[in-house]
Amino acid sequence: MPVLNHLNSVRKKPVRVVILGSNGFIGSHLRHWCNVNGLDCLAIATNDVDLSDTNNASHLASLLRPSDVVVMTSMLTPEKGRDYLTTMRNFRMVETVCCALGETPCSHFLYLSSEAVYDAHKTPLDEDSTRYRDWE
């Protein structure tokens with residue numbers, strides 16, 4: 001049984017890209033890339049929808065369309081905390097997105113994170129940040 005089922009038989013341009021975590025390191029670069037490449041983009045940041053509050057799932061669902069490509073780049077990084085409370089907030093963000101997608105499915109979902117890739121001692125992250133394998 002395949003883990004990933006592609007529903008499109010041919011490659012095609014997304015109708016709209018929805019970026020969750022659009023103000024972060026990856027999200028801001030993806031937002032710029034969409035703009036440069038002429039892709040319709042809905043940028044959602046924490047101040048738009050707080051994903052760590054599962055009560056916001058229906059609000060997020062109301063912003064989505066079935067034709068959307070949803071890219072989740074949201075994550076509380078280690079400088080926000082290295083305790084179980086931060087971990088649980090990260091899990092709630094995933095739960096909120098899953099509940100929203102249960103109400104309004106999308107055409108494609110992608111999760112991207114720089115967590116555990118870059119050295120969190122240097123913030124904010126940028127293109128010159130030290131990667132994890134460089135500082136082990």
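Values quoted throughout were computed directly from the atomic coordinates according to the rules given, and no laboratory measurement underlies them. Just so it is clear, the structure is predicted and the values come from calculations on it, not from any experiment. Cβ coordinates were reconstructed from backbone atoms using ideal geometry, including for glycine residues, and neighbour counts include every protein chain displayed.
Before moving on, here are some points about what is shown:
- Label-to-label distance, nm, for residues given as R92 and D48 (7 Å Cα→Cβ offset): 2.1
- Stokes-Einstein D (µm²/s) once Rh is taken as the Kirkwood radius of the range 1-114 over alpha-carbon pairs, at 20 °C in 1.002 mPa s: 146
- Modelled spin-label separation between K12 and H108, with each label point placed 7 Å from Cα along the Cα-to-Cβ direction: 1.2 nm.
- Anisotropy class of the range 26-74 from Cα gyration tensor, a/c 1.5 cut: oblate
- Segment C99-R82, length gained on full extension (0.36 nm per residue, minus Cα span): 3.6 nm
- Amide H partners (placed H, <5 Å) of V18, local residues excluded: L42, V69, V70, V71
- Net +/- balance of residues flanking L20 in space, Cβ distance below 12 Å, scoring K and R +1, D and E -1: -2
- The residues packed around L39, meaning those with a beta-carbon under 15 Å from its beta-carbon, carry a net charge of +4 if Lys and Arg are +1 and Asp and Glu are -1.
- Taking Lys and Arg as +1 and Asp and Glu as -1, the other residues whose beta-carbon sits under 14 Å from that of L63 total -3.
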